């Protein structure tokens, strides 16, 4: 029996088993095919960007590791992304930061324009990839003291406000070019390393700065504004201006998308529990799926309990049309293309597992008060033949199933990545 026939046989048996508990496998796969994960560009080059100013990574961000083959320019990064996309089933997006423009000469961040991202727009069109965007409020002299939009100096605040306005216009141009809204996410690192004497004034300044950035009306069919909260960061351990409560209130009162990052909360908090609550009050959510290990350390996404819980909440609440799934991790200690593939495939696997739940039956048992059967069914679901369905999905999507993708990355490392001669020092910490 060939591997293809074994796969089809295993899939047919899985379909039969899922049918026995009332799950339509083909319907689940159809829904999965419609989901586009926003893959983050900064895994490919360790969040260095292409400004070429010599400015080191800062504002609470850094990357650990020095694995060879880091992308050094847009062409190399796009090549690496194409390899990763070829090993991930489905059609997915790309999330760009403002520091990834193509600059022939140094351009201040408050002066960037769509012309600096035209190469990305054209590449994305050719690849069938849609773009998302982010202003970059870090790794810049005007962010060296840990403050940007909440800075007490009005001149520095104005600089970063102008950067935010420029980025909104770039995102709108991207969305118009691709006929799909470009999510433009605002993460601002402002905060204090030690205890502040005044928590209120910086938050008032941040709210005012954001209001000025968002003053220009934008077409929702072209771009959506998202705001991202954080508990703490390197250099802002005691106080982050843009806390969860700050941005929750801001998103509600300004009708913005709220971004929940899996690594941005206390180690005992999870974002899966926040999805149903926040969607009672905000129009849409953006998720940055990551994996913090004891703190916000942005590890490659693995098939963890929390990842599965996030996807279960999205499916059980019927939120797929209101939740945008993006990734946010960076690891320079392993092959960077593999990191993209592992993290994105795991995200899709967890979503497929959630789509294969007998949701209606579970919710019926709950409504009837039969909590014993609810728990029993949830536990039995864990040994259902999900793997056979995933392998079939990969095969029909034209990408390797199982561990077969690993040889493709090894070949790419041998023929492409190993030929990049640049060595770069190991850096430490995280976002």
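Among 83, 256, 193, which one moves the most in a GNM of the chain with springs linking Cα atoms closer than 10 Å? So, out of 83, 256, 193, the one fluctuating most is 193. Label sites at residue 66 and residue 304, each approximated as a point 7 angstrom past Cα along Cα to Cβ, lie 2.8 nm apart. So what is log10(I(q)/I(0)) for the chain at q = 0.13 1/Å, when the Debye sum runs over its Cα atoms only? Log10 of I(q)/I(0), two decimals: -1.18. Which one, 248, 303, 183, has the greatest fluctuation when you compute a Gaussian network model over the chain with C-alpha springs under 10 angstrom? Top of the fluctuation ranking is 303. Once the Cα atoms are used to define both axes, helix 305-316 deviates from the longest principal axis of the chain by about 80 degrees. Summarising the strand pairing of segment 35-351, around 15 percent of its internal DSSP beta bridges are antiparallel.
Distance between the 7 Å Cα→Cβ label points at residue 273 and residue 407: 4.6 nm. Each of 6, 403, 374 was scored by other Cβ atoms within 10 Å of its Cβ. Listed from fewest to most, they are 403, 6, 374.
Between residue 127 and residue 34, the modelled labels are 2.5 nm apart [label points 7 Å from Cα along Cα→Cβ]. Over the chain, dividing the summed -39,500 (n - 2.57) contributions of all DSSP H runs of at least 4 residues by the number of residues returns a 222 nm mean residue ellipticity of -13000 deg cm²/dmol.
Taking 0.36 nm per residue of separation and subtracting the Cα-Cα distance, full extension of the segment from residue 295 to residue 169 would add 42.0 nm. Mean separation of Cα pairs under 8 Å and 6 or more residues apart, divided by the residue count, gives segment 1-121 a relative contact order of 31 percent. By other beta-carbon atoms within 10 Å, ranking 132, 104, 331, 360 with the fewest at the front produces 104, 360, 331, 132. Between 0 and 90 degrees, the angle of helix 371-381 with respect to the longest Cα principal axis of the chain falls at about 90 degrees.
The residue 193 and residue 322 beta-carbon pair, evaluated with R₀ = 22 Å, returns a calculated FRET efficiency of approximately 0.05.
Both radii come from the Cα set of segment 265-418: Rg as radius of gyration, Rh as Kirkwood radius; their ratio Rg/Rh reads 1.01. The relative contact order of segment 199-248, computed from alpha carbon pairs under 8 Å that lie at least 6 residues apart in sequence, is 40 percent.
Largest first and in whole Å, the equivalent-ellipsoid semi-axes of segment 108-214 read 30, 13, 12, each the square root of five times a Cα gyration tensor eigenvalue. Picking from 415, 180, 136, which is most flexible by a Gaussian network model of the chain using Cα springs under 10 Å? Ranking 415, 180, 136 by mean-square fluctuation puts 415 first. Please work out the C-alpha center-to-center distance from segment 296-319 to segment 139-157 and express it in whole Å. About 34 Å separates the Cα centre of segment 296-319 from the one of segment 139-157.
For segment 207-296, the Kirkwood estimate of hydrodynamic radius, built from reciprocal distances between every pair of different alpha carbons, is 13.9 Å. Length available on full extension from residue 212 to residue 371: 0.36 nm per residue minus the Cα-Cα distance, which gives 52.2 nm. May I ask you to derive the relative contact order of the chain, considering only C-alpha pairs under 8 Å and at least 6 residues apart, and to give it as an integer percent? The value is 22 percent. Between 0 and 90 degrees, the angle of helix 200-213 with respect to the longest Cα principal axis of the chain falls at about 80 degrees. Computed extension length for residue 82-residue 201: 38.3 nm, one decimal, from 0.36 nm per residue of separation with the Cα-Cα distance subtracted.
Label point of residue 363 set 7 angstrom out along Cα-Cβ; within segment 312-329, amide nitrogens under 14 Å from it belong to 312-321.
Computed from the coordinates by the stated procedures, all read-outs in this text should not be read as laboratory data. The model shown is predicted, which means the values in this text are computed figures rather than measured ones. Note that each Cβ is placed from the backbone with ideal geometry, even for glycine, and that neighbours are counted across all protein chains shown.
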